[in-house]
Amino acid sequence: MDLFSNPASLYSLTLLIGIVGSAIYWIRRGKSDPMIPLIYGAALACAFIGAKLAYLLSEGWLVAASDNRLLHWLTGKSVTGALLGGFIGVEMAKKLAGYRKATGDGFAAVVPLAIIVGRLGCLSHGCCKGIACEIGPLDHWPSVEVEIAFNLLIFLTFFNFRRFAFLRGQHFHLYLISYGLFRFGHEFLRATPKPFLGLSGYQLFALALAITGLVAFRRRQRNPPIEFA
């Protein structure tokens, strides 16, 4: 079967491209700092764990009686959980290694692009759709396209932040805050189960993202980094 005619295969390909692309970036960064690839590896591993747990807690349990539950459990994942898990993985790895350089600005430069690539996979796979509505020729809210546009805007914003050395060491914290708030509001327009008093599990993780980013931002303000990766 032609890879590009199979949405599921194309979805997997875009996911792989996002992972490989970000890995190449961090390995190249690691030429001047051998700890960087190790920190990236911890981030990637914890991101996968977080993505899976967030899906299972948000909606995976809702398909427990389905004949296709194993397929859902194996393929389901969440960006909100990946971001939260990845952040925790980085912080744990740096603490265990005694690494004190700020690495978040580099992650903020790569993560939005990786999510854009992943969402292109969502477009090909036909998942993560918005609620039913009429917008011109569309019969549903273009949730994937809106998230791609959001991450593109964020990428351009942080590109200029890095260019002018604005808020150094805070970029990823700002990304967690902005994506968390965006995702919490945007989730109302996504066709996801909302069993928690009208909220989806992803909205709860989005709030956790925003709060985590805010706490980390305030902590970094009190203790500015001496070095940057």
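The values are calculated or read from the model by the stated rules, or taken from the named source; none is laboratory data. Computed from a prediction, not measured in an experiment: that's the story for all the values here. We place every Cβ from the backbone using ideal geometry, glycine too, and count neighbours over all the protein chains shown. What goes into the accessible areas is simple: the full protein's heavy atoms, side chains included, and nothing from ligands, DNA or RNA. Shrake-Rupley method; radii C 1.70, N 1.55, O 1.52, S 1.80 Å.
Below is a table of values for the structure above.
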{"item": "Values of log10 I(q)/I(0), in the order q = 0.17, 0.25, 0.26, 0.30 Å⁻¹, for the range 100-155 under a Debye, Cα-only, solvent-free model", "result": "-0.61, -0.96, -1.00, -1.13"}
{"item": "Extreme residue, positive dipole direction of the chain, given options 47, 140, 203 (C-beta unit charges)", "result": "47"}
{"item": "Global geometry of the range 131-229, whether rounded, prolate or oblate, following the gyration tensor of its Cα atoms and the 1.5 cut on a/c", "result": "oblate"}
{"item": "The chain: angle of helix 7-29 to the longest principal axis, Cα-based, in degrees nearest 10", "result": "0"}
{"item": "Translational diffusion coefficient (Stokes-Einstein; Kirkwood radius from C-alpha pairs) of the range 77-194 at 4 °C, 1.567 mPa s, in µm²/s", "result": "83"}
{"item": "Carbon and sulfur %, accessible surface of the chain computed with the full protein complex present, 1.4 Å", "result": "69"}
{"item": "Between the range 147-192 and the range 78-123, the alpha-carbon center distance in angstrom", "result": "13"}
{"item": "HN-Hα J in Hz across the range 200-207 - Karplus 6.51, -1.76, 1.60, θ = phi - 60°, x for Gly and Pro", "result": "8, x, 5, 5, 5, 5, 5, 5"}
{"item": "Nearest 10 degrees, 0 to 90: helix 79-97 Cα axis against the chain principal axis", "result": "30"}
{"item": "Whole-Å semi-axes of the ellipsoid equivalent to the chain (Cα gyration tensor, √5λ, descending)", "result": "30, 19, 18"}
{"item": "In degrees, nearest ten, helix 171-186 long axis to first principal axis of the chain (Cα)", "result": "20"}
{"item": "For the range 125-229, accessible area per residue (1.4 Å probe, heavy atoms of protein chains only), Å²", "result": "56"}
{"item": "Cut-off of 10 Å, at most 14 other beta carbons, DSSP loop: longest stretch of the chain lacking such trypsin sites (Lys or Arg not before Pro)", "result": "101-229"}
{"item": "For the chain: relative contact order, % (alpha-carbon pairs under 8 angstrom, 6 or more apart)", "result": "23"}
{"item": "Calculated [θ] (222 nm, deg cm²/dmol) that DSSP helices of n ≥ 4 give over the chain, each run adding -39,500 (n - 2.57)", "result": "-23000 deg cm²/dmol"}
{"item": "Residues in the range 93-116 reached by a label modelled at residue 23 [backbone nitrogen below 19 Å; 7 Å Cα→Cβ]", "result": "107, 110-116"}
{"item": "Estimated FRET transfer efficiency when R0 is 25 angstrom, pair residue 73-residue 127 (beta carbons, to 0.05)", "result": "0.95"}
{"item": "Label-point separation, residue 31 to residue 222 (7 Å along Cα→Cβ), nm", "result": "4.0"}
{"item": "Sequence-separation-based contact order of the range 172-226, relative, with Cα cut under 8 Å and 6+ spacing, percent", "result": "50"}
